[in-house]
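Encoded as structure tokens, the structure appears first; notes follow it.
The values are calculated or read from the model by the stated rules, or taken from the named source; none is laboratory data. A quick note: this is a predicted structure, and the numbers were derived from the prediction, not measured. For neighbour counting, all protein chains shown are included, and Cβ atoms are generated from backbone atoms with ideal geometry for every residue, glycine included.
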Amino acid sequence: MGAVASVGILIAVLSCLSFLPGQWLLRSEALSAMFRFGLAEAAAFVGLLLPLAGALAALLMAIAIRCKTFKKRRPTLPSWCWACRCCRW
């Protein structure tokens, strides 16, 4: 789960920090006045997204484990079935 959570955390941090250089490209004063996003806001937003990234990673791992058990419990066709020999289930 560490790799999945670290990728989610990296995406959250990069998405938050991408707003900072985006502000420099705003030429309109009206837009730049409405869009005030500094380091304090970025840190707070990252702090909000980190638990969500970890929870999403845990949810994805739980779904993957559950689906693997369904795959293992897949019924096999009887040996007398000719279709099973063709498609090799």
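Confirm whether LEU10 is of a type in the set (A, V, I, L, M, F, W, C), part of a helix (DSSP H, G or I), free of Cβ contacts under 8 Å to residues at least 24 places away in the same chain and surrounded by fewer than 11 Cβ atoms within 10 Å (Cβ to Cβ). No: the conditions fail for LEU10.
Here is the figure for segment 1-21: residues that are closer than 16 Å to LEU60 by Cα and touching a helix residue (DSSP H, G or I) at 6+ places or on another chain (Cβ under 7 Å) total 5.
Scanning segment 26-85 for residues that are aliphatic (A, V, I, L, M) and outside any helix (DSSP H, G or I), we see that the one that is modelled with the highest pLDDT is LEU26.
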